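Data block below; observations after.
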Amino acid sequence: MRTGDRQLIKELNISLVLNLVREHGPISRVDIAKRTGLGRSTVSGIIGTLLREGLVEEIGSAESPSGRKPILVAMSAAARYAIGIKLAPRAATAALVDLSARVLHTEEVSLTPGEGPDAVVERLKQLFDTVVRTSGVNPQRLLGVGLVMPGVIDPNTGTATASYFLGWDNIPVRDILEDALNLPVFVDNDANAMVLAEALYGAGRGASELLGLTVGIGIGAGILIGGKIYRGARFSAGELGHVCVDPDGPRCQCGRQGCLEALAGDAAIIRTAREEMAAGRSPILHLLTRGHSELVTRDLVVEAAKGGDPGARFALAESGRWLGVAVGNVVNMLSPARVIVGGEAVLQAGDLILEPMREQMRLTVFPSFPEPLQVTAAALGYNAWVLGAAALVLQDAFEAPTEHSRTRGRLSHIDQP
């Protein structure tokens, strides 16, 4: 066997053991050997190496009917970290995440819409430095940085192919950030990140076919098929906000008419609420804005709706119904196990949007499905995006060495005696 082959086998075995401990720990060496098919001496050697590296720790003994109690090992969550960043037009949020995907520290910085990539990258670098400094994390324990943002993203090159909210076209975000941070950087669409995080840690656990939806200033979707993010040939799969649901509808920011985003996103909610206010059907919203319709925001619409304002409730319900039309048709095509809905608007409004959406989906989805489709709110709240961003790094770190890996200090790449 060639030296390179021996090293690859060692790394594959380390990866196998490490992922088993990660997914099923606390676990004994004996059980690891049984589950992996590796010899006990091989397992003991690997665990010894992982203990020295601080990647696993011994946490006590398991019950045993006779003889010596086996010692249990578990992942040491604080051994390494990832930073996940969500980039939006008006703000960027960063989180320090450990190996168990716990958010340990967050920071946010405001942005000015229309800032060029150079200015935004400088702000992201400052944000990164703030997280490292205020959290006290050792930079040498950072595996990498995940960045998620709206628009069409090529994850292979880390290029923002088209992000009209940011006004970016063909910007090599990954390369620019890697030069600035001196760490591996992984870039993806924010809706993809949300559905990935929910699939791994939230409302989508246990389902390999998912549709995840984000509703706010924009509308996007992430599609999980066979447990993998489906991106399409041009990485634009999931641009649900730009599915035309009404050819005669209002003009969308993308320049076309009748897009879902123009009928169900923040701008649509605000527009409908203003119309209801002008018609005298929104007394609470009228009070909150002192009659100045230009002051209407999504936040105020939700506040008024929760107070019983009929016009505000109608505006949110209209958003939900249009979402139900579009999502119902996607369900007819893809047949996901669950639909998970998040984003700022749904996180605020909850069932004021979701229930009308479910009602419309019952009218839209093909009636032959054997049981009602689960349509649930995202479980991770505002952490979904930064967790999804960090998950890009963690997935690569735990990937088997036969897969392409760019993470600094890939966890299976350890010198083993």
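Working from Cα positions, state the angle (0 to 90°, nearest 10) between the long axis of helix 3-24 and the longest principal axis of the chain. Approximately 60 degrees, to the nearest ten. Computed over the chain, relative contact order equals 17 percent, with contacts defined as Cα pairs under 8 Å that lie 6+ residues apart. Calculated from the structure at hand, percent of Cα pairs over 36 Å apart is found among [x] 29; [y] 24; [z] 34 as [z]. Separation of region 162-227 and region 228-292, taken as the distance between their Cα centroids, equals 21 angstrom.
How much of the DSSP beta bridge set in region 203-379 is antiparallel, as a percent to the nearest 5?
Approximately 55 percent, going by the DSSP bridge assignments.
Put a dot 7 Å past the Cα of T130, heading toward its Cβ, do the same for I71, and the two dots end up 4.4 nm apart. Net charge of the neighbourhood of A391, taken over other residues with C-beta under 11 Å away and scored Lys/Arg +1, Asp/Glu -1, is -3.
Against the chain, whose longest principal axis comes from its Cα atoms, helix 117-135 is set at around 60 degrees. Summarising the label geometry, the points placed 7 Å from Cα in the beta-carbon direction at S110 and D175 lie 3.4 nm from one another. Taking A378, A262, A400 as the candidate residues, the one with maximal mean-square fluctuation in a Gaussian network model of the chain, Cα springs under 10 Å, is A400. Of all stretches in the chain that contain no trypsin sites (Lys or Arg not before Pro) in a DSSP loop with at most 12 other Cβ atoms within 10 Å, the longest one is 291-417.
In the neighborhood of G146, defined by Cβ-to-Cβ distances under 10 Å, what is the net charge if each Lys or Arg adds +1 and each Asp or Glu adds -1? With Lys, Arg at +1 and Asp, Glu at -1, the neighbours total -1. Against the main long axis of the alpha-carbon atoms of the chain, helix 310-334 sits at an angle near 50°. The distance between label points at E63 and C244 comes to 6.5 nm (points 7 Å beyond Cα on the Cα→Cβ vector). Here E294 and E23 are evaluated by their C-beta separation; at R0 = 51 Å the FRET efficiency comes out at 0.45.
The numbers here are math on the coordinates, done by the rules we state, and not lab data. Owing to the predicted nature of the structure, the values given are computational and were not obtained by experimental measurement. A quick note on method: Cβ atoms are made from the backbone with ideal geometry, for glycine too, and the neighbour counts reach across all protein chains shown.
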